[in-house]
Structures are given as structure tokens and as C-alpha cells.
Amino acid sequence: MSNSLKGDSPLSDSIQPTGLRAVSSAYEIRIYRQDGSSPILVQQAEAGKRPFIHPIAAPDGAGILTEDAPPHHPWQHGLYVGLNDVNGSGFWKEKLGGNREHDGTFHPRLLEEAAVEGSRASWTVTTDWRDRSGQPLLVEQQCWTLHDLGDRYELDMEWTLRAETDITFGQYAYGGLFLRMPYREETGGSALNSEGLNAAEAEGKRARWVAVQMPIAGRLNDAGIAFMDHPGNVEHPVPWRVDHQLGISPSCCIAGDWHLKRGESRTFRFRVYVFCGDISIPAIEDSWNHYTGGMGS
């Protein structure tokens, strides 16, 4: 790893954005650069399954930064959302792990076309969450906005949960927006949070952001992704999951139970910052400051 972890300059703007285009269907949205033949990002929302984003291509076009259904966690899908205890039902392991009789189900609604303007694209995914007996628990809405900056992407998310009945979200060691990159033990990788803690040190700790980098097939150097927790979110700066394969998640459920009454909703905001090369603290902090508009730590 280079000295960028010590605070070198942000990446240069050597790749200029060319504008985006989208190809939308009821179950999938593929985002392309105007001159590209392969998508830089695919939103998937197959009927009866958890919606997720995969693949996410590196901003310079060399390699894929997400992984779908790795052998060590087959229920994980690139960039996705899951929770572990919603009125006793699990929305994490998709009936693929232990206690599968407790798992609820996901029911994405048909997708509408993505809106594209220049180097920005936006779309919404609405999903009904049903408990283990098939009763409605939540309506989940993910509103995404992608800004292609050439050598990096900023992918902003507004995540809203609306309760269809009184809900208790149980305390758990992980849950929420989650990232699975193609980690391999033999090649390794690195994680760093906004407080200067690395990898296992960052597990369960509060931070404004967490970044991950690792070797990626088809690349000569590393690439990575950072998550940013918006100051308006509950429990900000939130506790984080940082697992043994460098999966990361801003997880307010680590701090304790929380509740919604029937008809109530709660919205969380996150930025997903996608970059090439090593983790650059100045580049991430610059994006953080623009994202939060000076709202503080």
C-alpha cells in the first residue's frame, strides 16, 4: 500500500466523465457511460428476491469491485441492504443459513425507468418486506443517485423504512447497508475508518466513514469503496461492522433496539464513494465535506 493512507493528495482528474445512459426494465437497470459497451453499474430487483447492486465496475474500467454470493457468505450480493431482527424475522441470510424458518422474504415492486441527466443518473427501488408467516412488515424504499466524476463515482442513497405494523428492530452485531467486495485471503486488502482505525480495530466502533481497498482481478493496482454516514442519521457517527473478509456496514442496530409505530417511517442517508488506487484520506474527506454541507462530524 502506498503512503496515501498518511494523507497524500487526492487522485488526479485524469478521466473525464462523458455522460451516462440507462437501459431499464421492470427487473433491472443498467447504467453505462455514453461511449461504453459494458455497464458501470447494474441495479437488480428480481421478483421475490432481495434487490441489490452488482456489478460495480472500477471507474477506470479495469475490474469489478463487487461480488455476488461468495462461498463464505452466499446470501451477500454486492451492495445491498439487510437486517437481522425485525419483529423476530430475519432479513439477512435468505433461508441459506441457520434458523432459516425465522427468515422473512423480499418482494421488489416493478422498477421504473432511471432518470439520466449528463453525468448523473437516479432511480428508486421499492420493496415489500414480509415476515416468516407472509404478513407485511415494512415498505422499503431505496432512492439512488449516481454521479460519475470520471476517476471516481459518488453514489448517494436515501433509505426509507415505513412500518406496516408496530416494529421492533432488535439489537444485533450487524445490519443495514452492506458491501461485499471480492476479498481473497491470499491477496488480502485493507480497511480504514475516519478515526484512523484499521480493519479489525474498526469493528463495532463509531466513525463518520469506513473505506476498503483490495487487489481486484484485471487490475495492476488496488481499488476500493468508502461508505459515508450522513450526520442527520440516527446514532451518527454510527457503529460499524467490519468483518473478516472486509465487508462493511454502518449498523445503528449495534447500539441497541429501535422502534417504529405503524405508519411511521425513518430515513437514513449514505454516500458510497468508489475509487481506483489506494485509500486517499484527503479525497474521501473532500467528498464527505461536499456531501454533508458543513453539518459537522
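Listed values, structure above:
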{"quantity": "Within the range 183-214, tally of residues that are within 19 Å of the chain's Cα centre (by Cα) and either exposed (fewer than 13 other Cβ atoms within 10 Å of the Cβ) or assigned to a loop (DSSP other than H, G, I, E, B) (or both)", "calculated": "8"}
{"quantity": "Scope the range 91-109; condition under 24 Å from Ala22 (Cβ atoms) and either over 21 Å from the mean Cα position of the chain (by Cα) or basic (Lys, Arg) (or both); matching residues", "calculated": "Arg109"}
{"quantity": "All positions within the range 63-95 that are surrounded by fewer than 18 Cβ atoms within 10 Å (Cβ to Cβ) and of a type in the set (S, T, N, Q)", "calculated": "Asn87"}
{"quantity": "Test: residue in the range 267-289 that is small (Gly, Ala, Ser), open to solvent by 50 Å² or more (accessible area, probe 1.4 Å) and not in a helix (DSSP H, G or I)", "calculated": "no"}
{"quantity": "Filter result (hydrophobic (A, V, I, L, M, F, W, C), out of contact with any Leu (no Cβ under 7 Å at 6 or more places or on another chain), within 21 Å of Val272 (Cα to Cα) and in a loop (DSSP other than H, G, I, E, B)) within the range 63-99", "calculated": "Leu65, Ala69"}
{"quantity": "Residues being touching an Asp or Glu at 6+ places or on another chain (Cβ under 8 Å), open to solvent by less than 50 Å² (accessible area, probe 1.4 Å) and not aromatic (Phe, Trp, Tyr) - total across the range 224-244", "calculated": "6"}
{"quantity": "Inter-residue pairs, beta-carbon under 8 Å, first more than 19 Å from Glu235 (Cα to Cα) and assigned to a loop (DSSP other than H, G, I, E, B) and in the range 159-172, second open to solvent by 10 Å² or more (accessible area, probe 1.4 Å) and of a type in the set (D, E, K, R), 6+ apart", "calculated": "Glu164/Arg262; Thr165/Arg262; Asp166/Lys261; Asp166/Arg262"}
{"quantity": "Candidate set: the range 96-122, residues that are aliphatic (A, V, I, L, M) and surrounded by fewer than 16 Cβ atoms within 10 Å (Cβ to Cβ); chosen: the one nearest to Thr165 (Cα to Cα)", "calculated": "Leu110"}
{"quantity": "Search result, residues across the range 37-62 that are open to solvent by 20 Å² or more (accessible area, probe 1.4 Å), part of a loop (DSSP other than H, G, I, E, B) and not basic (Lys, Arg)", "calculated": "Ser37, Ser38, Pro39, Glu46, Ala47, Gly48, Asp60, Gly61, Ala62"}
{"quantity": "Check on Asp257, at pLDDT 95 or above, under 17 Å from Tyr80 (Cβ atoms) and open to solvent by 10 Å² or more (accessible area, probe 1.4 Å)", "calculated": "no"}
{"quantity": "Of residues in the range 128-158 being assigned to a loop (DSSP other than H, G, I, E, B) and closer than 19 Å to Phe106 by Cα, the one most open to solvent (accessible area, probe 1.4 Å)", "calculated": "Arg132"}
{"quantity": "Failed condition for Tyr174, given (1) over 16 Å from the mean Cα position of the chain (by Cα); (2) buried (at least 19 other Cβ atoms within 10 Å of the Cβ)", "calculated": "(1)"}
{"quantity": "The range 103-127 - residue that is touching a residue at least 24 places away in the same chain (Cβ under 8 Å), of a type in the set (D, E, K, R) and part of a strand (DSSP E or B) and, of those, farthest from Gly82 (Cα to Cα)", "calculated": "Arg120"}
{"quantity": "Flag for Leu11 being over 25 Å from Glu140 (Cα atoms), open to solvent by 60 Å² or more (accessible area, probe 1.4 Å), among the hydrophobic types (A, V, I, L, M, F, W, C) and modelled with pLDDT under 95", "calculated": "yes"}
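The values are calculated or read from the model by the stated rules, or taken from the named source; none is laboratory data. Because the structure is a prediction, the values reported are computed rather than measured. No Cβ is skipped: glycine too gets one built from the backbone with ideal geometry, and neighbour counts run over all protein chains shown. With ligands, DNA and RNA removed, areas are computed over all heavy atoms of the protein, side chains included. Shrake-Rupley method; radii C 1.70, N 1.55, O 1.52, S 1.80 Å.
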